[in-house]
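Remarks on the structure that follows.
The values are calculated or read from the model by the stated rules, or taken from the named source; none is laboratory data. Nothing here was measured: the structure is a model prediction, and the numbers come from that model. Virtual Cβ from ideal backbone geometry, glycine too; neighbours counted across all protein chains shown.
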Amino acid sequence: MAIPATTVDQLIDWEVPEQQIGLWTDAVQRFRRNRIAVLGAVLIAVLVVIALTCPLLVQLHVLKDPIHQNVDFIESGPGQNGFLIGSDELGRDTLARLLFGSRVSLAVGIFVQAIILPIGLAIGLASGYFGGRIDNLLMRFTDVWYAFPDLLFGLVVVSVFGPSLLTIFGAISLVNWVGLARLVRGQVLAIKEKEYIEAARSSGSTPLKLILKHLLPNSLGPIIVTLTFGIPNAIFLEAVLSFLGVGIQPPTPTWGQMVFDGYEAIYANPTSVVFPALAIGFTLLAFTFVGDGLRDALDPRMRR
Amino acid sequence: MAVTAGRPTRGALLPPQLRAITSSRSGALAIFIARRILWMIPILFFVILITFTLMHLAPGSPWDKAGGRQLSDTVVKNLNIRYGLDKPVPQQFLLYAWNVMHFDFGLSYQYQGKTVSTLLLESWPYTATIGALAFILIIPVGVGLGVIAALRQNTRVDYITMGFATIAASFPNFVIGVIMVVVFSVLAYRATGGNFFLPAAGFGVDDSLVMPVVTLARLPIAYTARLTRASTLETIRQDYVRTAWAKGLAERLVVMRHILKNSLIPVVTTLGPTFAFLVTGSVIVETVFAIPGIGRAFVTAIESRDYPMILGTTILFSVVVAMANLVVDVAYVFIDPRVRLT
């Protein structure tokens, strides 16, 4: 355990290049061997293709317009009146709304990670690297943040600033950056004591170089895993806000809002609720599969 | 010792009588608990401060009406005076904090003449009933499933249990709730011609509790099962378990006395977050099943911008979560003697 990765060991490995596999190559190989993780990745790929192509499908008249209301045919069942999986309370095509809903979900999932990555990195690195009073201050700050149940805080923020796309991204980011900051801090604290950091420091590395060349690359694995698990969490929060009626406003179709709208007429028309509900569930499941797969693949202890 | 040189040892500044207390474990425990309780005060203060500030950052006033006739200036002025909104904001905050310390959360905006405390007390029993029932389910079901899966590792039982746990952990509360309503209310009603179905809404100490409680308990059960499985797998490879088997103890004894007791330790730590989850989960479950509890009251307050109610609920939720974490931290010290008090 405490044996340092000495140069001798590395030299021996250099002599036998066919056994030398980098961490990342190895991780890719192990991820591909994990069938459930690959299944998740395929599901996500399909979702991305749907999200990107659905406006085109509407232009080609393969898909109905998700906003077009047809008040003559409200609450149609599957297959009725030319609606493949039915229509909602305003006579809009459930299938089109379902496919368009993927756009909001994916956008929320990805943009929120893009917002919290710099915040979490900056605070985590500062806290872990400098330690002492800065660390204490920043960590007490995150303690306070942790005391808020995240859904409640999201609800409060959205109710105060109004349910625009920007507020919802902001609210979800505000409650999610703490986890990343704590993880980065923990990683930095663990790596800081390693011999190669000492070596780099004694050979005159500046703090910036130390952070960019050593601390950051070596904590990349856990950061990637945390961000991957952050995506379903953000998607979930957006869906819940929409379901509670304070999410992204109509007419933009989102899955949470479809469940919210359809729930009133659930006895008359259950399909308009079931499909978006399942879409949310399986999207989250796919991201969880990929996250689990990445965590196992990037864990050096599980290397063979 | 060399590491701590230059740093005063714990209790060095205390008078000698008190220093004796800190040296014993029970004394250290008392100090640990006292410190954790004191630490709750600044946290709650900031929770109030942040929520209060957010409320006052909100554009517009609570008297704005979406569409319809606006209230006249005189009415708004009188309302502001009645609810204390005419005073400067820092003064409002101090007054509010002072009142909160006396369990006075002010008057609700949306229900005329009702205090927030009354509203919270009225809705509390519903939330508590469902939360308590869910909490009672979590440990036996979650731990049971986890232990069974671990003892039958890599068999069909294991795969099915863990498959269900993974799916249950990924699907959000409201999705599970809504799907259950479709299956057990809508489809069951249609299939049996109305003879058998579970009620989709409302509260009663009867079958209408089934779906809310299951919806709420599902995620903690899934987590507990996965965690118990992992820690049990670790425990059954320990020497003392092999010894227990070798002595010829009955399976029941080995599992109950040697495996379960030790594999439960990590499960206890998750009870704090579980409690927090039950609290926030109530917001969703009570909305899905139309139960007039605190979670539902919170959502209604958000919709109608009833600031005193939002503030009161947020504070109540934060206190409950903080208390649960405190209890779990303290319980952990008793359960695992290896834990260091820092």
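Of the residues A:LEU125, A:LEU121, A:LEU151, A:LEU99, the single one that is under 19 Å from A:VAL259 (Cα atoms) and either more than 14 Å from chain B (Cβ to nearest Cβ) or in contact with a strand residue (DSSP E or B) (Cβ under 8 Å, 6 or more places away or on another chain) (or both) is A:LEU99. Total residues in region A:258-278 satisfying the condition of being at the interface with chain B (Cβ under 10 Å from one of its Cβ atoms) and either assigned to a helix (DSSP H, G or I) or closer than 14 Å to A:PRO66 by Cβ (or both): the figure is 10. Reported count of residues in region B:79-96, each being at pLDDT below 80 and within 28 Å of the chain's Cα centre (by Cα), is 0.
The residues of region B:236-265 that are assigned to a helix (DSSP H, G or I), surrounded by 15 or more Cβ atoms within 10 Å (Cβ to Cβ) and not β-branched (Val, Ile, Thr), listed by number, are B:ALA244, B:HIS258, B:LEU260, B:ASN262, B:SER263. Scanning region B:282-305 for residues that are closer than 21 Å to B:THR115 by Cβ and small (Gly, Ala, Ser) gives B:GLY293, B:GLY295, B:ALA297, B:ALA301, B:SER304. Taking the conditions exactly as written (within 13 Å of chain A (Cβ to nearest Cβ) and in contact with a Ser or Thr (Cβ under 6 Å, 6 or more places away or on another chain)), does B:PRO199 satisfy them or not? It is true that B:PRO199 is within 13 Å of chain A (Cβ to nearest Cβ) and in contact with a Ser or Thr (Cβ under 6 Å, 6 or more places away or on another chain).
The set of residues in region A:101-138 being surrounded by 15 or more Cβ atoms within 10 Å (Cβ to Cβ) and farther than 30 Å from A:LEU52 by Cβ consists of A:ILE123, A:GLY124, A:LEU125, A:ALA126, A:SER127, A:GLY128, A:TYR129, A:ASP135, A:LEU138.
Filtering region A:161-181 to residues that are under 16 Å from A:LEU220 (Cα atoms) and within 14 Å of chain B (Cβ to nearest Cβ) leaves only A:GLY179.
Among the residues of region B:185-213, just one is among the β-branched types (Val, Ile, Thr), crowded, with 19+ Cβ neighbours inside 10 Å and free of Cβ contacts under 8 Å to residues at least 40 places away in the same chain, namely B:VAL186.
Number of residues in region B:146-185 that are within 14 Å of chain A (Cβ to nearest Cβ) and not aliphatic (A, V, I, L, M): the value is 12. Filtering region A:128-140 to residues that are assigned to a helix (DSSP H, G or I) and more than 9 Å from chain B (Cβ to nearest Cβ) leaves A:GLY128, A:TYR129, A:PHE130, A:GLY132, A:ARG133, A:ILE134, A:ASP135, A:ASN136, A:LEU137, A:LEU138, A:MET139. Any residue that is outside any helix (DSSP H, G or I), of a type in the set (D, E, K, R) and on the phi < 0 side of the Ramachandran plot - is there at least one of those in region B:115-131? Among the residues of region B:115-131, not one is outside any helix (DSSP H, G or I), of a type in the set (D, E, K, R) and on the phi < 0 side of the Ramachandran plot, which makes the answer no. Consider A:GLN69 carefully, then state whether it is polar (S, T, N, Q), surrounded by fewer than 17 Cβ atoms within 10 Å (Cβ to Cβ) and at pLDDT below 70. Answer is no for this residue. Looking at B:PHE46, B:PHE105, just one residue is closer than 20 Å to B:ILE310 by Cβ, modelled with pLDDT of 65 or more, in contact with a helix residue (DSSP H, G or I) (Cβ under 7 Å, 6 or more places away or on another chain) and within 14 Å of chain A (Cβ to nearest Cβ), and that residue is B:PHE46.
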